[in-house]
Amino acid sequence: QMWEEAIALGKELAEQYENEMFDYEQLSELLRKQAQFYENIVKVIRPKPDYFAVGYYGQGFPTFIRNKVFIYRGKEYERREDFEARLLTQFPNAEKMKTTSPPGDDIKTSSGQYIQCFTVKPKLDLPPKFHKPVSEQIVSFYRVNEVQRFEYSRPVRKGEKNPDNEFANMWIERTIYVTAYKLPGILRWFEVKSVFMVEISPLENAIETMQLTNDKINNMIQQHLNDPNLPINPLSMLLNGIVDPAVMGGFTNYEKAFFTEKYMHEHPEDHDKIEKLKDLIAWQIPFLAEGIRIHGEKVTEALRPFHERMEACFKQLKEKVEKQYGVRTVPPSVDERRGSRPRSMVRSFTMPSSSRPLSVASVSSVSSDSTPSRPGSDGFVLEPLLPKKMHSRSQDKLDKDDLDKDKKEKKKEKRNSKHQEIFDKEFKSTDISLQQSEAVILSETISPLRPQRPKSQVINVMSSERRFSVSPSLPSSQVTPPPITPRTKLSFSLQSNLELNGMSSSDMTDVPPPLPLKGSTADYGNLLESQDVVSPTTSPPAHQRVSP
């Protein structure tokens, strides 16, 4: 599961496949594997093995391990007791040492075998590329891998013993071990090449403990935000151990030990460290608040009383801390608060170019009176009608107005149903061309607020327009076009035939040219595609009728 190392090797192979061997099939397979590795790094939780320091003391050991210390990498979920048992099976005559202090010369020069084993903590050494904060799921790999420095902390008491507060005189003796190579390597254990020791004061230990606690809360919050299916029990134990003073005492012990006038008078050099500790205490409140919020969302009914008690304890703690140390607020992370765009908001049409806005009409009301007029639902999305195309379609219809009137009269009985079929086919395959009376402007833009147009109204208007073109004596109520909603965006106008043919409005002051004479009513909506002349007395067969 060391996918980070596999990705590094995969990049070397990709360079060979792409630029040396030109084997794109192998390259594509390799890149797919790398993509899966990256996904595993973010989503898969990997176990963190423990590291153990093992010292072999006495003249009874072989020379290559005699009086030397090694750092071992344990197996997954392997406890120290299991590791010791596995180690002692190799040296059945060895004696296990009871202390973690370095042995004296008497043990090193003895003829026996003494094994000292204890757990050490690896020190994080991030690569230089992580120069800014990154996800804990990415950093967690480097906490237990590619490590070369290990530390072991042992508490030491100095000065008078204070039964009321053990933190006041608890020093930390920290031993740092540096191995010959980084672990893990070609082996699961390497020899320690250097050892040095540092002492941590009680105040520095308190600062370090508070920092680790805040990091632990924050990391667990990030894990629950990334994976809502994580179990809630570890979060419950962590929050309750900090919030409930009856469990661990919280940071009250730090206040009693370091925030007193006596300590400030005896240690004036620690003023900055005390301020830092107060700041860490104040920063713990927003982390706890976020953790309790997540806990409240995931808690079960059986644990509801436990959560309510925890909330009550936190409320008291928050009031106390904010009053003494100030208020801290954590800004919401972009990755955490950024919600994905709802899929319903994505329209089913696109803009071909930002410089050419579309005029879109949703005509779902044509197919059904009850369907909502909403772009991208059950309606149709239409391109803008260009003036050139509008002219050609209207001119063609004017040229074909001399078809047989008897054939049209026979079709009047099927007009309503035929209109519906024609509209369904026309709107799905071609641009819409609405015939209006002269000087009527058609303007449509993207707008879900446009009122629906009933089906019956559309059919009646289309019929009345056709009748109006040859029968100007009809009542004006039959030729009134549907209401038009003007828009401020780009509009396409359906104007008179003269203006479409290139003539301006100023040229229309004279008498316009006469229209072709018509014998009777002509239905322009049911023209045949064929240009052949049809017999005036007989209608064409069914197989010759072609809808536009």
With every protein chain kept in the model, how would you rank 99, 63, 252 by accessible area, 1.4 Å probe, largest at the top? 63, 99, 252
Once a ≥ b ≥ c are taken as the square roots of the eigenvalues of the Cα gyration tensor of segment 46-200, is the result rounded (a/c under 1.5), prolate (a/b larger than b/c) or oblate (a/b not larger than b/c)? oblate
Filter the chymotrypsin sites (Phe, Trp or Tyr not before Pro) in segment 1-93 to those in DSSP coil with at most 15 other Cβ atoms within 10 Å of their Cβ, and list the result. 22, 64, 77
Can you compute the radius of gyration and Dmax for segment 1-82, using only the Cα atoms, both in Å? 20.7, 60
Starting from the amide H of residue 78, placed 1.01 Å from N in the peptide plane, find each other amide H under 5 Å away whose residue is 5 or more places distant or on another chain. 50
Please give me, ordered by residue number, the GluC sites (Glu not before Pro) of segment 28-128 that lie in loop per DSSP and have at most 14 other Cβ atoms within 10 Å. 76
Amide H contacts under 5 Å for residue 120, restricted to residues at least 5 apart in sequence or on another chain and with H modeled in the peptide plane, are 51, 52, 53
Sum of side-chain charges, residue 282 neighbourhood, beta-carbon under 12 Å (Lys, Arg +1; Asp, Glu -1): +3
Residue 304 paired with residue 135, simple spin-label distance in nm, labels 7 Å along Cα-to-beta-carbon: 3.5 nm
With the cut-off at 30 Å, tell me which of the pairs 273/323; 216/318; 161/323; 132/193 have Cα atoms farther apart than that. 161/323; 132/193
Label-point gap, in nm, between residue 187 and residue 95 - each point 7 angstrom along Cα→Cβ: 2.7 nm
Once R0 is set to 41 Å, what does the formula 1/(1 + (r/R0)^6) return for the Cβ-Cβ distance between residue 293 and residue 153, expressed as a FRET efficiency to the nearest 0.05? 0.75
Could you work out the local net charge near residue 201, counting Lys and Arg as +1, Asp and Glu as -1, over the other residues with Cβ closer than 12 Å to its Cβ? -3
I'd like the GluC sites (Glu not before Pro) in segment 139-236 restricted to DSSP loop residues with at most 13 other Cβ atoms within 10 Å, sorted by number. 160
Hey, if we sort 135, 110 by accessible area with the 1.4 Å probe, largest down, what's the order? 135, 110
From highest to lowest solvent-accessible area (probe 1.4 Å; ligands, DNA and RNA excluded), 227, 106 read 106, 227
Cβ-based net charge around residue 189, under 14 Å, with every Lys or Arg adding one and every Asp or Glu removing one: +4
For segment 52-66, take each phi angle, set θ = phi - 60°, evaluate the Karplus expression 6.51 cos²θ - 1.76 cosθ + 1.60, and give the result in whole Hz per residue in order, putting x for glycine and proline. 10, 9, 10, x, 10, 10, x, 7, x, 8, x, 5, 6, 10, 5
Per principal axis, descending, Cα span of segment 202-332 in whole Å: 51, 27, 23
Pairs of lysine in segment 1-111 with Cα under 17 Å and at least 8 positions apart or on different chains: total? 7
Could you work out what % of the accessible surface of segment 46-200 is carbon and sulfur, using a 1.4 angstrom probe and leaving DNA, RNA and ligands out of the count? 52 percent
How many nm separate the modelled label positions at residue 173 and residue 260, each set 7 Å beyond the Cα in the direction of the Cβ? 2.6 nm
Given a Förster distance of 41 Å, the FRET efficiency implied by the Cβ-Cβ spacing of residue 16 and residue 215, rounded to the nearest 0.05, works out to 0.50
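The values are calculated or read from the model by the stated rules, or taken from the named source; none is laboratory data. These numbers come from a predicted model, not from an experiment. We place every Cβ from the backbone using ideal geometry, glycine too, and count neighbours over all the protein chains shown. In case anyone asks, the SASA skips ligands and DNA or RNA and just uses the protein heavy atoms, side chains included. Shrake-Rupley method; radii C 1.70, N 1.55, O 1.52, S 1.80 Å.
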